[in-house]
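These notes are about the structure you will find just below.
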Amino acid sequence: MSLPPGFGRKGETRVCKLHKSLYGLKQASRQWFTKLSNALKAAGFHQSLSDYSLFVRSYQGNFLALLIYVDDVILVGNNLQDIENTKLFLSRQFKLKDLGQLKYFLGIEVARSRNGISLSQRKYALDILNDTGFLGAKPSWFPLDQNVSLTQSDGKLLEDGSTYRRLVGRLIYLTITRPDLTYVVHILSQFMDKPRQPHLAAAHQVLKYIKQTPGQGIMLPSMGNLQLQAFCDADWARCKDTRRSVTGYCILLGGAPISWRTKKQTTVSRSSAEA
């Protein structure tokens, strides 16, 4: 922040003392989160150690969770009166705008029914297809052919790799509600530094697959047991550049996926059993 012209004399060194954190400064976001966190902790909320933007309060059978992203807040709980009291408490501390039931948040669409809650990124997926010109492309049933093996040396080097990087970055965000894209996006993200023509063709194959199922997402059922299930698998030396294997897993709670990941192993396995 610079001082206004004419303030002070030539040769003097002066600074400004701020009585309030100004929007746009580097410290503004930190000061805002500190103020909001202190207010929530004073109301009995506990900050999660695994996700600092999550605050939880549980007492006498009432559960309340509050998730924060900058100045957007999601509030969920099993007691409507407790939720209303929390809204009233926050309105006394800050200026609030109640948008009602959650329908759209950070590109994620939320739909409710008797069967449960559906999470999808349909609008975000259609925006990707529209921006890349694949909205009218022929759909594909598979995100990546089984026998396709991408390497860092095959094919012609792209003249402008920024388009490929931007596309893969948008696909990475799409994996929030699309576990079926996790593996292929993991493969494509390995060639961000020097993308080639086969890599771009594989990314276009993913776009055609998204065109087939743009509204696919996660279903959180309202009924059922809370049984925890986990599935994992690994290939063996699939990467031709490093000869390292890839491990993938998916964890389900009550039949709904809650965690999934694909990661290349840090060492070279000498057998399929070791992989």
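Report yes if Thr163 is of a type in the set (Val, Ile, Thr) and more than 30 Å from Ser269 (Cβ to Cβ), otherwise no.
yes
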Can you name every residue in segment 215-244 that is under 28 Å from Phe191 (Cβ atoms), in a loop (DSSP other than H, G, I, E, B) and under 25 Å from the mean Cα position of the chain (by Cα)? Gln216
Which one of Arg178, Arg196 is at pLDDT below 90 and of a type outside the set (Ser, Thr, Tyr)? Arg196
Number of positions in segment 80-130 that are part of a helix (DSSP H, G or I) and not aromatic (Phe, Trp, Tyr): 21
With the requirement that a residue be surrounded by fewer than 21 Cβ atoms within 10 Å (Cβ to Cβ), more than 16 Å from Asn130 (Cα to Cα) and more than 21 Å from the chain's Cα centre (by Cα), what does segment 163-214 give you? Asp193, Lys194, Arg196, Gln197, Pro198, Leu200, Ala201, Ala202
If a residue has to be in contact (Cβ under 8 Å) with a residue 24 or more places away in the chain and part of a helix (DSSP H, G or I) to count, how many in segment 131-145 make the cut? 1
Which listed residue, of Phe142, Phe134, is over 26 Å from Gly254 (Cα atoms), aromatic (Phe, Trp, Tyr) and surrounded by 16 or more Cβ atoms within 10 Å (Cβ to Cβ): Phe134
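Yes or no: segment 150-171 includes at least one residue that is touching an Asp or Glu at 6+ places or on another chain (Cβ under 6 Å) and over 23 Å from Gly215 (Cβ atoms). So that I can check it myself, show each step before the final result.
Residues of segment 150-171 touching an Asp or Glu at 6+ places or on another chain (Cβ under 6 Å): 151-152.
Of the ones still in play, those that are also over 23 Å from Gly215 (Cβ atoms) are 151-152.
Yes, because at least one residue in segment 150-171 is touching an Asp or Glu at 6+ places or on another chain (Cβ under 6 Å) and over 23 Å from Gly215 (Cβ atoms).
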Report yes if some residue within segment 54-61 is touching a helix residue (DSSP H, G or I) at 6+ places or on another chain (Cβ under 7 Å) and at pLDDT 90 or above; otherwise report no. yes
Under 7 Å by Cβ, and 6 or more places apart or on different chains, what pairs join a residue from segment 260-275 that is in a loop (DSSP other than H, G, I, E, B) with one that is loosely packed, with under 13 Cβ neighbours inside 10 Å and charged (D, E, K, R)? Val268/Arg243
Mind listing whichever residues of segment 49-77 are surrounded by 11 or more Cβ atoms within 10 Å (Cβ to Cβ), among the aromatic types (Phe, Trp, Tyr) and under 19 Å from Lys35 (Cβ atoms)? Tyr52, Phe55
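The values are calculated or read from the model by the stated rules, or taken from the named source; none is laboratory data. Keep in mind that this is a model prediction, so the values were computed, not measured. FYI the Cβ positions are ideal-geometry reconstructions off the backbone, even for glycines, and counts take in every protein chain you see.
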